[in-house]
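Colleague: Provided herewith is a single structure, encoded as structure tokens, for subsequent inquiry.
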Amino acid sequence: MTQMIRLHDIHGGIHPAENKRQSTQTAIQVAPIPNELILPLHQHIGAAAIPCVNVGERVLKGQCIAHADGFVSVPLHAPTSGTIVDIEARPVPHASGLSETCMVLQCDGQDEWQAHPSLLEQKNVSLVEQLKPADILTFLAQSGIAGLGGAGFPTAIKLHTGNYPIDTLILNGAECEPYITADDMLMRERADEVVAGGEILLHVLQCARALIGVEDNKPEAIAALEQAVIDAHLSHKIQVVSIPTKYPSGGEKQLIQILTGKEVPSGGIPAHIGIVCQNVATASAIYRAVVHGEPLIHRITTLTGDACQQPSNWQVLLGTPIDYLLTLAGYQAQQPERVIMGGPMMGFALPHLQLPVIKTSNCILAPKAKELPLNEYATACIRCGQCTQVCPAELLPQQLYWFSKTQELDKVEQHNVFDCIECGACSYVCPSHIPLVQYYRFAKGAIREERAAQEKALRAKERFEQRLARQEQELAEKEAKRKARAEAAATAQKAKQADLAEPASAPASSVDDTLEKLNKQLAASQAAVQKTKEKLAAAQADPEQADKIPALEAALEKVTSKLKSIAMELAAAKKAAAASTTTTGDSDKGDPNSPERLRKKWETAQLRLQTAEQRLAEAMEQQLDTVSALQTGVEKQRERVNDALAAYQASQTETQSDVANSPDNHELEKKILAQQDRVAKAEERLTMARESGLDTVDALAMGLQKQRDKLAQLEQQRVASSTPEGV
Amino acid sequence: MGLLTLSSPHTHNQNSTQHMMQMVILATLPGFVVSTWLFGFGTLINITLAIVVALGCEAAILVVRKRPVGFFLNDYSIVLTAVLLGLALPPLAPWWITVIATFFAVVFGKHLYGGLGNNPFNPAMLGYALVLVSFPVEMTTNWASSIIATDVTASFSDTLSIIFAGASSDAWTGATALDSYKHLITNATAAEIAQQPEFSGFLNAGWAWVNLAYLVGGLWLVWRRIISWHIPLSMLVALSLCSLIIGWDADMYTPLSLHLLSGATMLGAFFIATDPVSASTTTRGKLIYGAGIGVFVYVIRTWGAYPDAVAFAVLLMNLAVPFIDAYTQPRTYGHNKAKRGLYQKQPK
Ligand code: SF4
Ligand code: SF4
């Protein structure tokens, strides 16, 4: 029944001393309940759980004490009954050596369960097949199940394969790391649970076949599993496959390759090729949850290494302190002391022993110096290529090392560093004892950091460019408006000149001088145009002068263009004059309420209103459902425009009165001119009203009087300010 | 508190660079013994002299570069370089040839590039090529004739005086088999050449015995997985194919048996071309690299001015290594195709 499928080889791989015998001599023992359990909120990949009981509260075994935070997270349950005595940062077993928030449970030794109906009971059915896959997924998530083999990925999410149809479920019982036997012992003693878990998984995934991959150095486990499959009448669905012993055949990607010949695409997940892979211990936990209602509160951990007098496997409550656990195996501290969580290939050395067992702790390895000699000093890489020969990912470890060392991160990436599974095979064989994996971890970290920084910079740049574009647009529109105003002013001036035939009053500054000059030029140019036009007309009328027409036409064009350029210059000069007026009031600078700023604000508000309205129109046209939201937006913007306008106008009158008191002669001159203008306008309006017999005549007359008074006042001021020297 | 925390993996196969170098040196023993027996003590003296000079130069440079002398001398890499040079040089060459070649190999071939692991060229072959180009006469006239041709080899003291005191070596030297065949075949047939004392009988020729001894040592290295089979095999196959296709006519060209079993063929294939530092590192690259050396050896031996060609062939292929490596990258797991070619910055 075994070996009905064709096996495939993986590239490379190594055969380190297995050292599995020691810890398989005794059956799995149940570890006693310690006084205190330390339960990190973050034992899995994803967001940390959130405590849902308070310090001082008594909790029962199996009670949820921290719930999942979002989708990619798993809850935490009390492994035994007792009191929560602390929720605080404690060191956790992680390669980073950091502390994280842990819930500390003082055990009362009664091990009192809370009611824990199984999913079958809850749904009132007798068979797993009668459960809805979605219900099982939810229940697994609630039961706090995360991958027990490797990184601790939330199981429910891994099983949530979306649109990818799954044709093969792989249960990973390879356990290729030396020393570790937790899965081996589990498969030997609880093969039925593994198979039952597999059956549940098949149902959840709606998948037809499951392969249980076990290395051929575990014949007892293979036999037990085969028997369990037969007992459960699942031979048509579940197949136990013995695979050659070679490290790292238990890596998820490698096991998939061995059993199916398929490769998980780089950057992808197994579901993309129709495969889901679960550890055998996870399968057993799934079974215990669904059929017995037990959340994930304990696991099997191997205690081994020559520093342990009785290497053995234990069923351990999560949160059990490692120093407590090691005493169970007769641990004798060595000098120098070294304890590894996980195996010798991929495990990490613990900084101290006051750390808890977590969901992913499959082995505590306490070696003597003789069995795992400390690495020798690294010497130069001799490019021997042994690392390349053993790399299961078919990378070029030596090139990766080279580029990591010289920090050429883009080349490291080009050499696919992110496909490195950190199995350590390359370091294991390197004759120069170079800690290659450490270099890759470093490089990966550096690249990730760089990427994050780049992303940030990119986003900032985008924002900056958007703002720049916005400002440019605003400026352009303002410019256009200003030009329009200036031109209007220019034509008004011209008209005035023509009407009154009276030169502007003595200019007070060089700016006014230029204006004056330009005005004159403009008039001259206009006259020239007029003249040329007349000549042209004459020429056209007179057949004798017909040959002059082209020349005249050219001349006309020339003078017209000159006129235009003068008009433009004039407009520019006016703008400059206006600018100089506004900037003379230095006190305005930096004042958010300065009229200039307020005007700008008003203009921006107007612009925004325009865009908002445009968007609204577009949305309406396309019948988008954002219409109502956009409508309120437009309303609001309109209000803002009105507010801005009001503020601007208010400031305008203020400045006027302010400036009236200004001792500045130049300013005064300007004011007088403006006032003269106003008076003239008021007179005009009055005349018009009189002519048309409107009843506003009286009011207008009063207004005119007021304006005249103001003008007189200003003139007096001028006299006053110019006299002092003479007095 | 205060446990040892080192990065994974926490175990090692206990192999070391030092061990690998020692194994390679050990594997030259059969070839060395046979050549001493057949050609006299010249090789022994050359090797000893080369090792002394190499260690001296290496130590001096390490002091200048402010590196721990003991630590680096300990890796045996420079001893291996010296041994290979000693084996490759003409047994009766004057002492200064060995000194110059070794000095150049250590200082220019290895350390000026940054020491072990950084040298693009095989240091021993760089030293060898230098003296071959600079002193062609000394390098071609000092090959000892085999005991098979002369019945007796020079005594140890005679050899010492030839090498160190410049005594005449004429009585003991002769052209190498490759060299004399190449010259003889222009006026004689293969059958006639076979009558000559140094070509009498296939295995009677001393060169063949030496090459077979190197082959044995080399195969042992492959078996012990100290070297991989790729480079030696592809080199010998390429050389054989060239010889069979181009030089099938023994009346015009050196025959295959002579190509394979004379000169530095086996020493080159198993001990020189396999120098990991200057060879290609990818599996396919190694095949190409080895084949390239085989082809160049044939071409230079047949049409070049020098009787043997291993040194030049190896150096030429050393030049091509970065290029070969770039174009022979393996396809990584999970990728549809290998990223090959010279590195180009990805457009961001
Ligand atoms: S195994 Fe070590 S020495 Fe050999 S190529 Fe790889 S990194 Fe270099
Ligand atoms: S650690 Fe990475 S580079 Fe080294 S052998 Fe494993 S996958 Fe290859």
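Since every read-out is calculated from the coordinates, none of them should be taken as a lab result. The structure presented is a predicted model; accordingly, all values stated were derived computationally and were not measured. Because the Cβ atoms are built from the backbone with ideal geometry, glycine has one as well, and the counts that use them run over all protein chains shown.
Colleague: Relative contact order for chain B: what percent, with Cα pairs under 8 Å and sequence separation of 6 or more?
Modeller: Values: 524 pairs, mean separation 59.2, N = 348.
After rounding, I find 17 percent.
Colleague: Turning to a different aspect of this structure: Using only Cα atoms and rounding to the nearest 10 degrees, what angle (0 to 90) does helix A:436-500 make with the longest principal axis of chain A?
Modeller: Roughly 10 degrees between the two axes.
Colleague: Just the Kirkwood number for region A:386-500, please: inverse of mean 1/r across all distinct Cα pairs, in Å, one decimal.
Modeller: Final number for the Kirkwood radius of region A:386-500 is 18.9 Å.
Colleague: Within 10 Å of each Cβ in peptide B:256-266, how many partner chain Cβ atoms are there on average? Round it to a whole number, please.
Modeller: 0
Colleague: Can I ask one more? Can you give the longest run of chain A that contains no chymotrypsin sites (Phe, Trp or Tyr not before Pro) sitting in a DSSP loop with at most 13 other Cβ atoms inside 10 Å?
Modeller: A:378-727
Colleague: Using only Cα atoms, locate the centre of region A:402-447 and the centre of region A:153-211, then give the distance between them in Å, rounded to an integer.
Modeller: 31 Å
Colleague: Pick from B:Asn13, B:Asn46, B:Asn187 the residue whose mean-square fluctuation is largest in a GNM of chain B, springs joining Cα atoms under 10 Å.
Modeller: B:Asn13
Colleague: Could you work out the mean count of beta carbons from other protein chains within 10 Å of each residue's beta carbon in A:425-431?
Modeller: Going residue by residue through A:425-431 and averaging, the value is 6.
Colleague: Please order A:Thr80, A:Thr138 by the number of other Cβ within 10 Å, starting at the fewest. Walk me through the intermediate numbers first.
Modeller: On the way: A:Thr80 24, A:Thr138 13.
By the 10 Å Cβ count, ascending: A:Thr138, A:Thr80.
Colleague: Then there's this: How do A:Arg638, A:Arg451 rank when sorted from fewest to most other Cβ atoms within 10 Å of their own Cβ? Intermediate results must be reported in sequence, preceding the final value.
Modeller: Numbers: A:Arg638 16, A:Arg451 12.
With the fewest neighbours first, A:Arg638, A:Arg451 line up as A:Arg451, A:Arg638.
Colleague: Find how many whole Å separate the alpha carbon centroid of region A:5-38 from the alpha carbon centroid of region A:306-324.
Modeller: Result: 13 Å between the Cα centres.
Colleague: Give me the distance in nm between label points sitting 7 Å out from Cα along the Cα-to-Cβ direction at A:Ala134 and A:Asp709, one decimal.
Modeller: Placing both labels 7 Å along Cα→Cβ, they lie 8.2 nm apart.
Colleague: A follow-up question, please. Where Lys and Arg each count +1 and Asp and Glu each count -1, what net charge lies around A:Glu477 among other residues with Cβ under 12 Å from its Cβ?
Modeller: Numbers: positive: A:Arg470, A:Lys478, A:Lys481, A:Arg482, A:Lys483, A:Lys600, A:Arg608; negative: A:Glu472, A:Glu474, A:Glu479, A:Glu603.
Result for the local shell: +3.
Colleague: Something else: Using Stokes-Einstein with the Kirkwood hydrodynamic radius over Cα pairs, what translational diffusion coefficient do you get for region A:265-358 at 4 °C and a viscosity of 1.567 mPa s, in µm²/s rounded to a whole number?
Modeller: For these conditions, the coefficient is 83 µm²/s.
Colleague: Another question, if that's okay. So the label point goes 7 Å from the Cα of A:Lys456 along Cα→C-beta, right? Which residues of region A:80-112 then have their backbone N under 16 Å from it?
Modeller: Once the point is set 7 Å along Cα→Cβ of A:Lys456, nothing inside region A:80-112 turns out to lie under 16 Å by backbone N.
Colleague: What is the sum of charges, Lys and Arg at +1 and Asp and Glu at -1, for the other residues whose Cβ falls under 13 Å from the Cβ of B:Ser280? Can you show the working numbers first?
Modeller: Numbers: positive: A:Arg383, B:Arg284, B:Lys286; negative: B:Asp275, B:Asp325.
Net charge in that neighbourhood comes out at +1.
Colleague: Take A:Leu201, B:Leu287 and order them by how many other Cβ atoms sit within 10 Å, fewest up front.
Modeller: Arranged by neighbour count, lowest to highest, A:Leu201, B:Leu287 become B:Leu287, A:Leu201.
Colleague: Could you order peptides A:516-523, A:365-372, A:185-192 by the average number of other Cβ atoms within 10 Å of their residues, highest first?
Modeller: Ranking, from highest mean packing down: A:185-192, A:365-372, A:516-523.
Colleague: Using the Cβ atoms and a cut-off under 13 Å, what net charge is assigned to the surroundings of B:Ala305, where Lys and Arg are +1 and Asp and Glu are -1? Numbers along the way, then the final one.
Modeller: Details: positive: B:Lys182, B:Arg301; negative: B:Asp179, B:Asp308.
Local net charge: 0.
Colleague: Per 0.36 nm of contour for each residue apart, how much would the distance between A:Thr687 and A:Lys531 grow if the chain were fully extended, relative to their Cα-Cα spacing?
Modeller: Difference between extended and current length: 52.7 nm.
Colleague: Can I ask one more? If I fit a long axis through the Cα atoms of helix A:665-692 and take the longest principal axis of the Cα atoms of chain A, what angle between them do I get, 0 to 90°, rounded to 10?
Modeller: Between helix and principal axis, roughly 70 degrees.
Colleague: Separate question: What does the average come to when, for each residue of peptide B:31-44, you count the partner chain Cβ atoms lying within 10 Å of its Cβ? Walk me through the intermediate numbers first.
Modeller: On the way: counts 0, 0, 0, 0, 0, 0, 0, 0, 0, 0, 0, 0, 0, 0.
The shielding value for this peptide is 0.
Colleague: While we're on this one: With label points built 7 Å along Cα→Cβ from the Cα atoms of B:Ser240 and A:Thr26, find their separation and express it in nm.
Modeller: So the two model labels end up 6.1 nm from each other.
Colleague: Which angle from 0 to 90°, rounded to the nearest 10, does the C-alpha axis of helix A:280-292 make with the longest principal axis of chain A?
Modeller: Helix A:280-292 and the main axis of chain A meet at about 90 degrees.
Colleague: Roughly speaking, what is the stretch gain from A:Asn124 to A:Asp542, that is 0.36 nm per residue apart minus the C-alpha to C-alpha distance, in nm to one decimal?
Modeller: That works out to 139.1 nm of additional length.
Colleague: May I pose another question? Which percent of the Cα-Cα distances in the protein assembly as shown go past 57 Å?
Modeller: That tail contains 48 percent of the Cα-Cα pairs.
Colleague: How far is it, in nm, from the label point at A:Lys558 to the one at A:Phe464 when both lie 7 Å from their Cα along the line to the Cβ?
Modeller: Distance between label points: 5.1 nm.
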